[in-house]
Amino acid sequence: MGQKKAQSIGIFDSGIGGFSILKKIHELAPDLNVYYIADNSFAPYGNKSKEQIVDRSLYIANELLKFDLDLIVVACNTATGMAIDTLREKIDIPFVGVEPFVNALSKHKWKEGDKGCVITTDLMSKSERFTRLIDRLDPNKHFSYVVTPNLASIIEDFFNTKNEQKLKLELEKELSFVKKHSYTHLILGCTHYPLIDSFIESVTGTITLSPCLYVANRTLSLLGRESQQVGAVNSSFQFAATTSDDVLRFVSKDFSNLP
Ligand code: DGL
């Protein structure tokens, strides 16, 4: 019997946000080969136009496809909202997207008195895909939807500086509306947000809900992995960040160093 080929996935985000998804995928399938692109030179995605994000997602996906991949995870709510339909139309490989809302609404056991609010980037809030989902799943607007335009950049900055004091002050400002409206739960509609969920919870006094586990499970199921039993463990993955010259240099990064 021939040896089964190791499975490989590509994954991308505007920056480090997709690490929140990658960590879950790696937890469940540590033997996967992973190629990750952080599109730093084009970040943040949340303040770009739909056309820009579609073009950019096609470019990044094609860069990932230089490797022999089984699927690509669009580990970004904004790129999912804006570009996943086009990616699926134009590129013949399975794509897994990330949408905050569906999972939180249908899987979380909401109780009497809970007040949920979905926080997203600006562009994500304008995505037709997102508004269609809201109309279908929350027709009576039981939930609230708030744009947190600076949050992804605040988080990128925090992982560069590691300045917790500054992070807390910026969170208090960016999320000041949460206490005013007495929200009890925040649905994290950007993959950057789960990276600092404990800070968000302590500053706002809410419980945060993130879609990372669901996206990871969907990835595994598309890869045809019923059980999570694996043999080998891959301790590192291939990582490249875009720069202004758009030449991608992949380097090996340890999973243990993920934020
Ligand atoms: N992490 C991304 C998301 O999930 C994008 C954040 C940004 O670059 O604005 O939407």
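Inclusion of Lys48 among residues that are touching a Phe, Trp or Tyr at 6+ places or on another chain (Cβ under 9 Å), open to solvent by less than 60 Å² (accessible area, probe 1.4 Å) and of a type in the set (Lys, Arg) is warranted.
Does segment 17-25 contain at least one residue that is surrounded by 24 or more Cβ atoms within 10 Å (Cβ to Cβ) and farther than 25 Å from Arg249 by Cα?
So the first thing to find is which residues in segment 17-25 are surrounded by 24 or more Cβ atoms within 10 Å (Cβ to Cβ), and the list is 17-22, 25.
Narrowing further to those that are farther than 25 Å from Arg249 by Cα: none.
The answer is no, given that none of the residues of segment 17-25 is surrounded by 24 or more Cβ atoms within 10 Å (Cβ to Cβ) and farther than 25 Å from Arg249 by Cα.
Pairing each residue of segment 49-76 that is assigned to a helix (DSSP H, G or I) with any residue that is among the basic types (Lys, Arg) and surrounded by 18 or more Cβ atoms within 10 Å (Cβ to Cβ), provided the two are 6+ apart or on different chains, yields C-beta distances under 8 Å for Arg56/Lys48.
Residues in segment 1-20 that are closer than 22 Å to Ile91 by Cα and modelled with pLDDT of 95 or more: Ser8, Ile9, Gly10, Ile11, Phe12, Asp13, Ser14, Gly18. When Ser41 is tested against (1) farther than 18 Å from Leu248 by Cβ; (2) open to solvent by 30 Å² or more (accessible area, probe 1.4 Å), only condition (1) is not met.
When residues of segment 173-221 are filtered for being open to solvent by less than 40 Å² (accessible area, probe 1.4 Å) and over 20 Å from Val147 (Cβ atoms), how many remain? Show your work before the answer.
Step one: list which residues in segment 173-221 are open to solvent by less than 40 Å² (accessible area, probe 1.4 Å), which gives 174-175, 177-178, 183, 185-196, 199-200, 203-204, 206, 208-209, 211-212, 215-216, 219-220.
From what is left, the residues that are over 20 Å from Val147 (Cβ atoms) are 212, 215-216, 219-220.
So the count comes out to 5.
Residue by residue through segment 219-252, note down the ones that are in a strand (DSSP E or B) and in contact (Cβ under 8 Å) with a residue 24 or more places away in the chain. Within segment 219-252, Phe237, Gln238, Phe239, Ala240, Ala241 qualify. For segment 67-104, filtering for residues that are open to solvent by 10 Å² or more (accessible area, probe 1.4 Å), of a type in the set (S, T, N, Q) and under 23 Å from Ala152 (Cα atoms) leaves 1. When the helices (runs of 4 or more DSSP H) confined to segment 107-196 are screened for residues that are in contact with a helix residue (DSSP H, G or I) (Cβ under 7 Å, 6 or more places away or on another chain) and closer than 19 Å to Asn47 by Cβ, those reaching at least 1 such residues are found at 122-125, 128-137, 151-161, 164-174. The set of residues in segment 204-218 being more than 21 Å from Asp122 (Cβ to Cβ), over 13 Å from the mean Cα position of the chain (by Cα) and assigned to a helix (DSSP H, G or I) consists of Asn217, Arg218.
The values are calculated or read from the model by the stated rules, or taken from the named source; none is laboratory data. These numbers were taken from a predicted model, which means no experiment stands behind them. As a convention, Cβ positions derive from the backbone with ideal geometry for all residues, glycine included, and neighbour counts pool all protein chains shown. All accessible areas refer to the heavy atoms of the entire protein, side chains included, with ligands and DNA or RNA removed. Shrake-Rupley method; radii C 1.70, N 1.55, O 1.52, S 1.80 Å.
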